[in-house]
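The values are calculated or read from the model by the stated rules, or taken from the named source; none is laboratory data. Keep in mind that what you see is a predicted model, and the values were worked out from it rather than measured. Don't worry about glycine lacking a Cβ; one is built from the backbone with ideal geometry, like all the others, and counts go over all protein chains shown. Ligands, DNA and RNA are excluded from the accessible area calculation, which covers all protein heavy atoms including side chains. Shrake-Rupley method; radii C 1.70, N 1.55, O 1.52, S 1.80 Å.
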Amino acid sequence: MTARDLHADIGDTLVSEERIAARVAELGARISEDFAGRRLTLVSVLKGSLPFMADLMRAISIPVRIDLMEVSSYGGAATESSGLVRILKDLSASIEGEDVLIVEDIIDTGLTLNYLVRYLRGKNPASLGICTLLDKPARRLVDINVNYTGFTIPDQFVVGYGLDYNELYRNLRYVGVLKPEVYAVPE
Ligand code: 5GP
């Protein structure tokens, strides 16, 4: 059952709204410096990266283009990565010759990003980097070179600030952990 109050299902807050805002501002400033004078395209991976992308792009003070992709790696209520990646929505413009930064919500096993990096490399960008809000290095199965990380978190399934459980909780302003009873399958 889902509680009527969005917050009632959350146990611990892992990253508060204030900490997210401060970190996004820092990342935006660093990216603005690192890519000054270059042609930067931010590629966000829907749907989980939506709030991060919206905040990060506005924390960047140089001109940027944005594009959106949607991939699926998790099915339904599953909280384990299958390693299977499907492209549900592709880029809408060419990234050839552009500096590209993939904007991700979270890197867990790394399988999704590993696939995306290879896919996007095939489109001949000038450079390809990764910016993730959250990193769970404990569960990494493939080596991924992450250029910008918001927060490194322990091996817990988190929701909020774009991240879902069964498509819910994306609209939380913070990142938290669900109470165990929320996962319980009703009889
Ligand atoms: P990976 O392929 O790195 O294992 O998984 C990446 C994707 O799995 C993320 O983009 C996200 O959609 C989902 N994911 C991984 N860990 C979590 C988590 O703790 N919470 C939620 N809500 N999604 C996660």
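Report yes if some residue within region 137-146 is among the hydrophobic types (A, V, I, L, M, F, W, C), over 23 Å from Ile10 (Cβ atoms), assigned to a strand (DSSP E or B) and touching a strand residue (DSSP E or B) at 6+ places or on another chain (Cβ under 7 Å); otherwise report no. Looking for residues that are among the hydrophobic types (A, V, I, L, M, F, W, C), over 23 Å from Ile10 (Cβ atoms), assigned to a strand (DSSP E or B) and touching a strand residue (DSSP E or B) at 6+ places or on another chain (Cβ under 7 Å), one finds none in region 137-146, hence no.
Conditions tested, residue by residue: (1) in contact with a Gly (Cβ under 9 Å, 6 or more places away or on another chain); (2) at pLDDT below 95; (3) under 20 Å from Gly129 (Cβ atoms).
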{"residue": "Ala8", "(1), (2), (3)": "no, yes, no"}
{"residue": "Ala21", "(1), (2), (3)": "no, no, no"}
{"residue": "Arg58", "(1), (2), (3)": "yes, no, yes"}
{"residue": "Val71", "(1), (2), (3)": "no, yes, yes"}
{"residue": "Gly75", "(1), (2), (3)": "no, yes, no"}
{"residue": "Leu91", "(1), (2), (3)": "no, no, yes"}
{"residue": "Glu104", "(1), (2), (3)": "yes, no, yes"}
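Within the option set Arg121, Arg140, being without any contact (Cβ under 8 Å) to a residue 24 or more places away in the chain and basic (Lys, Arg) holds for one residue only, Arg121. For region 114-133, residues that are part of a helix (DSSP H, G or I) and either within 16 Å of the ligand (Cβ to nearest atom) or in contact with a helix residue (DSSP H, G or I) (Cβ under 7 Å, 6 or more places away or on another chain) (or both) total 7. For region 168-187, filtering for residues that are modelled with pLDDT of 95 or more and open to solvent by 100 Å² or more (accessible area, probe 1.4 Å) leaves 2. Kindly establish whether Ala138 is surrounded by fewer than 15 Cβ atoms within 10 Å (Cβ to Cβ) and modelled with pLDDT of 95 or more. When the stated conditions are applied, Ala138 does not pass them.
Out of all the residues in region 99-113, is one or more surrounded by fewer than 19 Cβ atoms within 10 Å (Cβ to Cβ) and more than 9 Å from the ligand (Cβ to nearest atom)? Yes; the residues of region 99-113 include at least one that is surrounded by fewer than 19 Cβ atoms within 10 Å (Cβ to Cβ) and more than 9 Å from the ligand (Cβ to nearest atom).
Here is a check on your reading of the model: is Tyr148 more than 9 Å from the ligand (Cβ to nearest atom) and either of a type in the set (S, T, N, Q) or within 20 Å of Arg23 (Cα to Cα) (or both)? For Tyr148, the condition - more than 9 Å from the ligand (Cβ to nearest atom) and either of a type in the set (S, T, N, Q) or within 20 Å of Arg23 (Cα to Cα) (or both) - is met.
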